[in-house]
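One structure below.
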């Protein structure tokens, strides 16, 4: 065999300066930024186990909401798998994502939100929450049909506990949750910070009917970090998913609650997705703008999203009413004045509240309930 000669071009290597040498963390974060998430697969990313129990408002000494299920909150239950949580964390803890969507406001020192309004962001998270298998699990867990709300802050809102590094420290998070420390080491192993006595999300009622709170942190032996619920007697109940990917469903629009800090872990991350009742005729007065973040939100865009949702809800109610009228007409039933008058009054109140939220709700009314009787004379002819 004849000799084969290969021409080799010389390669010139320029020595790197010491301060430009890439570290393992640099390479890791570059890989994360370039990462393309997989599609949500319930066989891999869902791990549903129904809750052992649900608790009613009447059991807790609270008034049952009008025209809504008497379900206050569920026992913690498993919803997503560890792999599902890791993919979610990969999406939310990218530097580019945090630069756009990590925020703080008067109620919470740090949250990640607003991405649900952008169709090109957080694709895996949206697939996870909108997937029929996830929806079936949510409905079974709550015991009443629900549907995700689709405004700017309603899908995949993330509450983040701040530590010594503040918001800058959140950029160090990655797909692998920090392990809680043993109680004996917590006092010395976690540096003190200005946030130690500040709730992750202060006491409030939600601007939505129902929320699902999922833990994205390792809570295997976490101390604290629960969602606290205030009962009718003023006592506190603390609920938290039992494992990574564990969840709690609660009718947060009618329930005062807060997200508490974890004391033996440098992180406590939870994801919140909001729901409405699937039956259009059930109460929707808790879908409001009272928790809108006027400091960070594009309020004009959010108000359009709110109006669009309310009009579609009204359309669905009208469609159901038309179906009922058609059945009654086919049977030659007598018109029921009480039924019709009641329905009309309900929709008038619905529309008045919609307008009030759009044009009267401002920063001074943030977090506050609508004043009693305010709709009685609102939009009435003088």
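The values are calculated or read from the model by the stated rules, or taken from the named source; none is laboratory data. Keep in mind the model is a prediction, meaning the values are calculated, not measured. Quick reminder, even Gly has a Cβ in these numbers, built from the backbone with ideal geometry, and neighbours come from all protein chains shown.
Restricting the search to strands (runs of 3 or more DSSP E) fully inside the range 140-228 and requiring at least 2 residues that are under 20 Å from residue 274 (Cα atoms), touching a strand residue (DSSP E or B) at 6+ places or on another chain (Cβ under 6 Å) and modelled with pLDDT of 95 or more gives 146-148, 157-160, 210-215. Here residue 166 passes the criteria (1) at positive phi; (2) in contact with a helix residue (DSSP H, G or I) (Cβ under 6 Å, 6 or more places away or on another chain) except the one numbered (2).
Each row is one residue, and each column tells you yes or no for (1) under 27 Å from the mean Cα position of the chain (by Cα); (2) free of Cβ contacts under 8 Å to residues at least 60 places away in the same chain; (3) closer than 25 Å to residue 146 by Cβ.
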| site | (1), (2), (3) |
| --- | --- |
| 290 | yes, no, yes |
| 294 | yes, no, no |
| 308 | yes, yes, yes |
| 311 | yes, yes, yes |
| 328 | no, yes, no |
| 331 | no, yes, no |
| 339 | no, yes, no |
| 344 | no, yes, no |
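One residue alone among 289, 320 is surrounded by 12 or more Cβ atoms within 10 Å (Cβ to Cβ) and assigned to a helix (DSSP H, G or I), and that residue is 320. Take the residues in the range 115-139 that are without any contact (Cβ under 8 Å) to a residue 24 or more places away in the chain, touching a helix residue (DSSP H, G or I) at 6+ places or on another chain (Cβ under 9 Å) and not in a helix (DSSP H, G or I); name whichever of them is surrounded by the most Cβ atoms within 10 Å (Cβ to Cβ). This residue is 118. Checking each residue in the range 229-245 for being in contact with a strand residue (DSSP E or B) (Cβ under 9 Å, 6 or more places away or on another chain) and more than 12 Å from residue 258 (Cβ to Cβ) picks out 231, 240, 241, 242, 243, 244, 245. Given the condition touching a strand residue (DSSP E or B) at 6+ places or on another chain (Cβ under 9 Å), in a helix (DSSP H, G or I), under 19 Å from residue 273 (Cβ atoms) and at pLDDT 95 or above, answer yes or no: does some residue in the range 38-58 qualify? Yes, some residue in the range 38-58 is touching a strand residue (DSSP E or B) at 6+ places or on another chain (Cβ under 9 Å), in a helix (DSSP H, G or I), under 19 Å from residue 273 (Cβ atoms) and at pLDDT 95 or above. Would the range 269-280 turn up any residue that is part of a loop (DSSP other than H, G, I, E, B) and within 26 Å of residue 115 (Cβ to Cβ)? Yes, there is a match, as at least one residue in the range 269-280 is part of a loop (DSSP other than H, G, I, E, B) and within 26 Å of residue 115 (Cβ to Cβ). Which numbered condition trips up residue 304, out of (1) within 23 Å of the chain's Cα centre (by Cα); (2) touching a residue at least 40 places away in the same chain (Cβ under 8 Å)? The number of the failed condition is (2).
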